[in-house]
Amino acid sequence: MTATMMHCPACDLTAEDAAQWCERCGEALEAMPPMESPGDAAPAPMWRSTAAHLSACLQCGRPEHTADGFCVHCGQRRSPNSIRSAIDLGPVAGCTDRGPRRKRNEDALAVGRFGLTTVAVICDGVASATQSDDAALAATETGIRVVLDELASGKPPGSAAHAGLTEAASAAASVGVNYESNPPACTYVSAIVTATEVTISWVGDSRIYWWGAESIGCLTVDDCLAGRLAAQGVSADDVRYQAKHAYALDHWLGADSPTLDPHIETFTPPGPGLIIVCSDGLSRYLPQPADLAATPMGTPAATAQALTQRAIDAGGVDNVSVAVLAYPPVEDGAR
């Protein structure tokens, strides 16, 4: 009889089915989902997120906490997102890390599959807003669930991307209904990769890059003055000179967000390569597309972890999340 493999959502350790808790970090283990074979007639959508399943308070080590996530002993609020986590679904994988300088991880990440169509969603909680990690996780999990459900019902990727972003916006806004001021807020970015095209959507400054053998480039434009000026060829030095608050977001998800103005685009890659989806914890260290090329191109899982580590090694001032999707989405994710 084949043993069920268990996986730690926090540190990526694997163990056989007899284990319940990670021997490395104490996280509750989860069963690794079986990969459907190419001959399966009607595969069901599957996805995983970086939601935390901590059994003890990170501040005092005690397990008791209130229903809304506060430790009953020291009052420390638990983040709903894992401190660090890696997810590998073959042709799509993701990695997130709190980084060495932040108390909690306000990034949330989810990756999923429907047959060989792959999906990734990343939401980055706005640090200046209250409990934005809650909004980020709600938007991420809602977004990927809706996208995969829409794809499974036969909707085209563009329609699925729009539905996922719209529902994610509602989920993020719902988190902040009890806040009179400064409610939770987050960015949103998603990618859907099929055998013939890539559909992307975003609100905010989380990014998507195309990385192929012959070309590399950023597919998104940050929702801020600096992002729009940069897209028009204005240099970063000129942007900083012209506007003090050029990098402030003017679109986001949350109860106090402006009217939703989602970006949804379709890209046909020129050949095999990788789609890189990331929070600004990576793009601030690798702001130019060519900066990615210093990392060896490997499988989605290896590339996601390598890029995450580069951001940490470069200073790790922010949380960092990276999802990588192979194009075309071959079964083993190899490049």
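What follows is calculated from the coordinates using simple rules that are stated; it is not laboratory data. The structure presented is a predicted model; accordingly, all values stated were derived computationally and were not measured. Because the Cβ atoms are built from the backbone with ideal geometry, glycine has one as well, and the counts that use them run over all protein chains shown.
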Restricting to Cα pairs below 8 Å that are 6+ residues apart, what does the relative contact order work out to for the stretch 184-283? Please round to a whole percent.
39 percent
What's the center-to-center distance, using Cα atoms, between the stretch 278-335 and the stretch 111-180 in Å?
21 Å
Using label points projected 7 Å from each Cα along Cα→Cβ, tell me how many nm separate R101 and D149, to one decimal.
4.0 nm
Expressed as a rounded percentage, what relative contact order does the stretch 137-247 have, with Cα pairs under 8 Å and six or more residues apart?
16 percent
Quick one: Debye curve from the C-alpha atoms of the stretch 110-213, no solvent, what's log10 I(q)/I(0) at q = 0.15 Å⁻¹?
-0.58
Restricting to Cα atoms and excluding each atom paired with itself, what does the Kirkwood estimate give for the stretch 244-335 in Å?
15.2 Å
Whole-Hz Karplus ³J(HN,Hα) for the stretch 143-149, in order, using 6.51 cos²θ - 1.76 cosθ + 1.60 and θ = phi - 60°, x for Gly and Pro?
x, 6, 4, 5, 4, 5, 5
